Structure formats: C-alpha cells, structure tokens
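What follows is one structure encoded as structure tokens, with my remarks underneath.
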Amino acid sequence: MSEWIKLASQVIERCACLAECTEEPGHTTRTFLSPPMHEVHARIRRWMEECGLQVRVDAAGNIRGRREGTQLSGTLYIGSHLDTVPQAGMFDGILGVLAGIALMESSGPYTFPVEIVGFSEEEGVRFGLPFLGSRALIGDFTPDLLAIKDREGVSVEQAITAFGLDPKCIPAARAESAALGYLELHIEQGPVLESRNESVAVVDAIVGQSRLTLSFEGRANHAGTTPMHLRHDALAGAAEWVQTIERIANQTPGNETPGNEKQGLVATVGRLQVTPGATNVIASHVQASLDVRHPTDFTRKAAVEEMVTAARQIAERRALSILVEPHLDQASVAMDRGLTNLLEQSVAACGFAACGFAASRLNSGAGHDAMVIAPKIPAAMLFLRSPGGISHHPDESVRVEDVAAALQVGHNFLERLGGIQ
Ligand code: HGY
Ligand code: MN
Ligand code: MN
C-alpha cells in the first residue's frame with residue numbers, strides 16, 4: 001500500500017474517531033466550545049504532539065500545533081474547522097485539520113514555521129454568526145461579538161469562560177503579521193469533481209453569502225372556530241414567502257439550465273421556528289432563516305433585497321408584521337493568485353491534473369475559513385471529491401485515494417514553497 005494511501009487511511013480513521021465527539025448521541029453534532037470539544041482537543045493534541053508540534057489552545061478555542069523553521073517569521077498556516085452542522089458527516093472541516101497534521105508527519109522541516117490550526121467555529125450554528133475561530137486568527141474578533149447570545153441565552157463570552165478560556169486573551173490569538181500564507185484542504189461538498197471524475201481541484205474563489213432572520217408576526221387563534229378570511233396566520237405567510245424566494249432564485253441567470261456547473265444564485269430557508277407550535281392553534285409567530293449565495297456580490301445583494309421586499313409585501317397583504325435581522329454580508333473572495341498557481345503546479349506535478357498541466361479549478365459554493373483569512377493572509381484551497389456531492393449529511397464521504405492525492409499535492413506544495421523561500 002503506498003505511503004500516501006496509508007497516511008490517508010489514518011486521516012480517515014481519525015475523522016471517524018472524532019465523529020464520536022458529539023452533543024447528540026447517534027449523530028455528529030459539535031458546536032462552538034460545546035463539551036465534546038474538550039475531547040476533540042485532547043485527541044488532536046495527542047496527534048499533534050506525536051509529530052513534534054508545540055500545541056496550544058488560544059482564547060477563541062482554536063487548537064494550534066506549531067513547528068518552528070529556521071526563519072523566525074513567515075508562518076504558513078494550514079487548517080480548517082472542528083465544529084459541525086447538526087447531524088453532520090464526519091469530514092467537513094475536520095479533514096483539513098487532520099490532513100495538516102498528516103503533512104507534518106510526512107514533510108519538512110522547512111525554513112518557514114508551520115502552524116496547523118483547528119478552528120473552534122466556522123458553521124455559525126450556535127450563535128448564528130460563522131467564522132468565530134478564524135476571525136480571532138486575523139484579529140477581527142471584535143469585543144461586540146462576546147455579547148452575542150445563543151438560544152439558551154448564553155453569551156459567547158460565557159461560553160469561552162465556561163470552556164476554561166479567558167476572553168481577554170483573544171487578541172493574543174492573532175496570527176503574525178508577516179504570515180507566509182494559509183492553506184485549507186476541504187471536501188468540495190458538491191457534485192462538480194465527481195461529474196468531472198477528478199480527485200482534487202484548486203479553488204479560484206469562494207462565493208459571497210448573506211445570512212438573515214425574518215420574523216413574521218400574526219395572531220394566534222383557535223384553529224377550529226376562526227374563519228379563513230379572519231386569520232393572520234404567520235406560518236401561512238412564511239410558507240408563501242419560502243415559495244417566493246425559491247421562484248426568485250430559480251429565475252436568476254445560471255439556474256435556467258439545471259445541472260450546469262456554473263450554478264446561479266442559491267437561496268435557502270433552513271430553519272423555521274413556529275410559535276406556539278400547537279396543531280390546533282393558528283401560528284402567531286414564525287422566525288425564518290435565509291441563506292443566499294452567488295459568485296457576484298451585486299447579484300447576491302439584489303436578490304436579497306428582492307426577497308426582503310417580497311416578504312414585506314406578503315406581510316402587508318396578510319396584515320402580519322415583519323422584522324428583518326441581517327447577520328452576515330460576506331463578500332465573494334478570490335484566493336491568492338501566487339499560492340493558487342503554486343498549488344496548480346503541485347496538482348500537475350503529482351499527476352492529478354485532468355488535462356496535462358492545467359489543474360481543475362472551480363468556485364466554492366460553500367463558505368470556508370479561507371474566505372475570512374484571505375483579505376489578511378494570502379490563502380489557497382484544495383478541494384477533494386465529494387462522492388454523490390453529499391455534505392452536511394451523515395452520508396458525507398471521501399475516497400481514500402482522493403485523500404491520498406490531496407496529501408501528495410499538499411506535500412509537493414510545501415516542498416515548492418520551501419524551495420522558493
Ligand atoms: O455553510 C457553509 O457554507 C459552510 O459549510 N460553513
Ligand atoms: Mn460546513
Ligand atoms: Mn466546512
């Protein structure tokens with residue numbers, strides 16, 4: 001069995017081992033600094049120390065394993081996130097952290113220091129705001145974030161303290177200013193590489209995303225005695241709106257030919273919270289999430305505006321009130337050209353470029369820590385094939401030969417970087 005397949009098998013086994021660390025027995029659910037994250041840190045710390053890394057956990061809950069180089073600065077950061085969506089698969093995020101550790105086992109030392117980072121939070125599940133871990137790495141974890149509360153009323157500051165960390169030390173989590181770069185290995189989470197029958201691809205850009213909450217307020221009343229024309233049904237209004245945003249998204253350019261690779265705008269209502277939620281009571285209140293993404297920020301923002309206007313019109317017609325709360329307006333982010341070209345050379349040198357020397361490239365429809373890091377530290381991403389295009393689901397998987405390919409490319413990338421430093 002090739003060295004790379006052996007190393008890849010170990011990465012996959014470790015992903016499975018960490019998938020047991022969960023808030024929800026029988027599923028993999030791990031949110032920001034929840035109790036199972038202590039066990040994730042303990043296992044990752046052991047694996048990092050076994051390959052000689054100096055390990056620390058910063059005040060934002062990122063676990064970091066560092067290997068010094070002969071240079072004192074110019075650190076290359078390699079990482080991804082430790083947290084998951086509810087009932088997740090076992091590879092989204094964590095694979096990139098464990099692949100980074102595997103590269104430390106099989107590469108270097110180099111002149112430049114290398115730091116493997118497991119980010120505490122990227123999905124935004126617990127506090128509604130994503131990228132808390134990587135914001136701390138680039139110095140964007142502003143004090144106002146500490147006051148955000150989760151659905152139990154626990155603040156970010158309380159969650160950090162409860163985990164045994166000191167929020168006052170968050171500024172010390174910041175990466176060095178002369179960082180050499182950031183590399184993230186991640187599953188594609190979509191169908192493109194499988195449709196191209198390719199193991200890996202280089203990411204050109206990460207599409208921008210908007211996240212909002214829309215609250216529809218009507219009037220509860222008896223389901224049996226209230227005539228239809230006298231109702232102010234918040235759930236009926238929200239349901240009409242969900243259909244409307246699907247229609248708006250389907251009508252944006254790029255979606256007219258289903259299945260084409262250059263997907264158009266995507267819009268998702270992933271969560272509806274209905275109050276009072278009794279079968280014989282007309283819903284008085286519905287809180288709906290909205291997630292909108294597109295490679296072009298203008299198109300994305302225009303679509304969000306159209307969707308919010310539609311919500312206001314539906315609310316007015318149904319005599320409902322509406323509250324719109326924006327949470328995230330994340331611009332589309334291009335990866336660093338220099339590092340991305342180097343990564344493309346590594347893909348080709350390792351023989352994984354589909355056509356000769358041009359590695360496959362694509363935009364990422366999923367958000368990643370790299371999009372937060374890229375404005376401050378040159379960033380590059382390598383995607384691995386997602387069988388069935390499945391992710392954010394227990395059936396999420398990887399092929400061992402694709403993980404081996406990604407490790408081989410990562411190793412070659414580090415050697416190239418070492419050669420030009
Ligand atoms: O939602 C996303 O795009 C990513 O999985 N956090
Ligand atoms: Mn995810
Ligand atoms: Mn991810």
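The values are calculated or read from the model by the stated rules, or taken from the named source; none is laboratory data. Because the structure is a prediction, the values reported are computed rather than measured. Cβ sites come from the backbone with ideal geometry, for glycine too, and all protein chains shown count toward neighbours. These accessible areas exclude ligands, DNA and RNA; they are computed on the full protein's heavy atoms, side chains included. Shrake-Rupley method; radii C 1.70, N 1.55, O 1.52, S 1.80 Å.
The distance separating the Cα centre of region 273-312 from that of region 207-256 comes to 6 Å. Taking θ as phi - 60° and the Karplus parameters 6.51, -1.76 and 1.60, the scalar couplings of region 300-314 work out to 5, 5, 5, 5, 4, 4, 5, 6, 5, 4, 4, 5, 5, 5, 5 Hz in sequence order, x denoting glycine and proline. Among 251, 226, 215, whose Cα lies farthest out toward the positive end of the dipole of region 208-330, if unit charges sit on the beta carbon of Lys, Arg (+1) and Asp, Glu (-1)? In region 208-330, that residue is 226. Surface calculation, 1.4 Å probe, protein heavy atoms: residue 416 sits at approximately 80 Å² accessible. Among 129, 382, 407, the largest mean-square fluctuation in a Gaussian network model of the chain, built with springs joining Cα atoms closer than 10 Å, belongs to 129.
Evaluate region 208-330: find the radius of gyration of its Cα atoms, find its Kirkwood radius, and give the ratio Rg to Rh.
Working: Rg = 15.7 Å, Rh = 15.1 Å.
When Rh is taken as the Kirkwood radius, the ratio is 1.04.
Over all pairs of different C-alpha atoms in region 80-159, the reciprocal of the mean inverse distance, the Kirkwood hydrodynamic radius, equals 14.2 Å. Annotation for residue 247 and residue 27: the two label points, set 7 Å from Cα along the Cα-Cβ direction, are 3.2 nm apart.
Taking 0.36 nm per intervening residue step and subtracting the Cα-Cα distance, what contour gain separates residue 273 from residue 337 on full extension?
Values: separation 64, 0.36 × 64 = 23.04 nm, distance 4.26 nm.
Roughly 18.8 nm would be gained on extension.
Listed by chain and number, the aspartates and glutamates whose alpha-carbon sits under 20 Å from that of residue 376, ignoring those within fewer than 8 places in the same chain, are 58, 115, 121, 122, 140, 176, 184, 204, 297, 329, 336.
Reported to two decimal places, what Rg/Rh ratio describes region 342-385 when computed on Cα atoms with Rh from the Kirkwood expression?
On the way: Rg = 12.0 Å, Rh = 11.7 Å.
My calculation of the ratio gives 1.02.
Suppose R0 equals 35 Å. What FRET efficiency, 1/(1 + (r/R0)^6) with r the Cβ-Cβ distance, do residue 168 and residue 55 give to the nearest 0.05? Walk me through the numbers before you get to the answer.
Values: r = 22 Å, r/R0 = 0.62.
Computed FRET efficiency for residue 168 and residue 55 comes out at 0.95.
Treating each Cα of region 129-210 as an identical point scatterer and summing with the Debye formula, the log10 of I(q)/I(0) at q = 0.18 Å⁻¹ comes to -0.92. The residues of region 208-330 expose on average 54 square angstrom of accessible surface per residue, using a 1.4 Å probe on protein heavy atoms.
I need the per residue convex hull volume for the chain, using only the alpha carbons, in cubic angstrom as a whole number. Numbers along the way, then the final one.
Numbers: hull volume 59.9 nm³, N = 421.
Given the Cα convex hull of the chain, per-residue volume reads 142 Å³.
Counting Lys and Arg as +1 and Asp and Glu as -1, each charge on the Cβ, what is the dipole of region 271-421 about the Cα centre in debye, to the nearest 20?
Details: 13 positive and 15 negative charges, 52 e Å.
Dipole magnitude for region 271-421 comes out near 240 debye.
Only Lys, Arg, Asp and Glu carry charge here, each on its Cβ (+1 for the first two, -1 for the last two); on that basis the chain has a dipole of about 460 debye about its Cα centre.
Axis of helix 234-251 versus longest Cα principal axis of the chain: the two differ by about 50°, to the nearest ten degrees.
When both region 1-38 and region 398-419 are represented by their alpha-carbon centers, they are found 20 Å apart.
Within the chain, what whole-number % of the accessible surface is contributed by carbon and sulfur, with the 1.4 Å probe and all protein chains included in the calculation? Don't skip to the answer; put the middle values down first.
Numbers: 9310 of 17470 Å².
Reported share for carbon and sulfur atoms: 53 percent.
If you take all other residues with their beta carbon under 13 Å from the beta carbon of residue 233, and give Lys and Arg +1 and Asp and Glu -1, the sum is +2.
Helix 400-420 and the longest principal axis of the Cα set of the chain meet at an angle near 60°.
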